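Q: Have a look at this one.
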Amino acid sequence: MKGFLGTWAGFGPDLNLLLQIAMGLALLAGALLARAKRYGAHGACQSAVLILNLFLIASVMWPAMHRQVLPKIPARLNRAHYAIATVHGLLGVVAEIFGLYIGLVAGTNLLPPSWKIQRWKFWMRIELALWWMALAAGMATYFIWYVHSARR
């Protein structure tokens, strides 16, 4: 065992897993802030999660994806080991980019008015659902790569 969670993961993946779960919960808390009409706190909470996630993508997830998964695509997509990691990566990229777009539209005037969204609640719920699907796929990836593989 290598990781502090008692798995075959190293420090980075272990810490990333815990931070991703915490960020998922923070996004739910941010949704509650919006529901309470505390939009400034909501925006700060959601923006902090997006920025922290960019750092985690760049420092932990992208290097692992680039080193361990991308070289095996498409040849090994029929194996859960690679398929779930690929789904996680795709969902995560979509969720992060869409979250950044929402943040730019909501918090800045950098985008032209024609790019602005109208149905905020609908699109933010879509974003939250995307994020949680990516989180679930990430937790499955962690389990398959570092817990299940170690049992063999």
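The values are calculated or read from the model by the stated rules, or taken from the named source; none is laboratory data. Bear in mind that the values here come from a model prediction, so they are computed numbers and not experimental data. As a convention, Cβ positions derive from the backbone with ideal geometry for all residues, glycine included, and neighbour counts pool all protein chains shown.
Q: Considering only residues that are in contact (Cβ under 8 Å) with a residue 12 or more places away in the chain and surrounded by fewer than 15 Cβ atoms within 10 Å (Cβ to Cβ), which ones fall in segment 103-119? Let's see the steps before the verdict.
A: Kept after step one, since they are in contact (Cβ under 8 Å) with a residue 12 or more places away in the chain, are these residues of segment 103-119: 103, 105-107, 117.
Correct list: 107, 117.
Q: Cβ-Cβ below 9 Å, separation at least six or inter-chain, first residue in segment 129-145 and under 12 Å from residue 61 (Cα atoms), second among the acidic types (Asp, Glu) and part of a helix (DSSP H, G or I): which pairs?
A: Within 9 Å, the pairs are 142/14.
Q: Can you tell me which residue within segment 122-152, out of those that are farther than 18 Å from residue 24 by Cα and among the hydroxyl-bearing types (Ser, Thr, Tyr), is modelled with the highest pLDDT?
A: Taking segment 122-152 and keeping what is farther than 18 Å from residue 24 by Cα, we get 122, 144-152.
Next, from what is left, pick out any that are among the hydroxyl-bearing types (Ser, Thr, Tyr): 146, 149.
On the way: 146: 92, 149: 65.
Here the residue is 146.
Q: Evaluate the following for residue 5: is it outside any helix (DSSP H, G or I) and among the hydrophobic types (A, V, I, L, M, F, W, C)?
A: Values: outside any helix (DSSP H, G or I): yes; among the hydrophobic types (A, V, I, L, M, F, W, C): yes.
The answer is yes for residue 5.
Q: Please give the number of the condition residue 62 fails out of (1) farther than 22 Å from residue 7 by Cβ; (2) among the aromatic types (Phe, Trp, Tyr); (3) surrounded by 14 or more Cβ atoms within 10 Å (Cβ to Cβ).
A: (1)
Q: Among 102, 57, 126, 117, which is the only one that is of a type in the set (A, V, I, L, M, F, W, C), closer than 30 Å to residue 40 by Cα, in contact with a helix residue (DSSP H, G or I) (Cβ under 9 Å, 6 or more places away or on another chain) and not in a helix (DSSP H, G or I)? Before the answer, list the steps.
A: Details: 102 fails: not in a helix (DSSP H, G or I); 57 fails: not in a helix (DSSP H, G or I); 126 fails: not in a helix (DSSP H, G or I).
When all the criteria are applied, what remains is 117.
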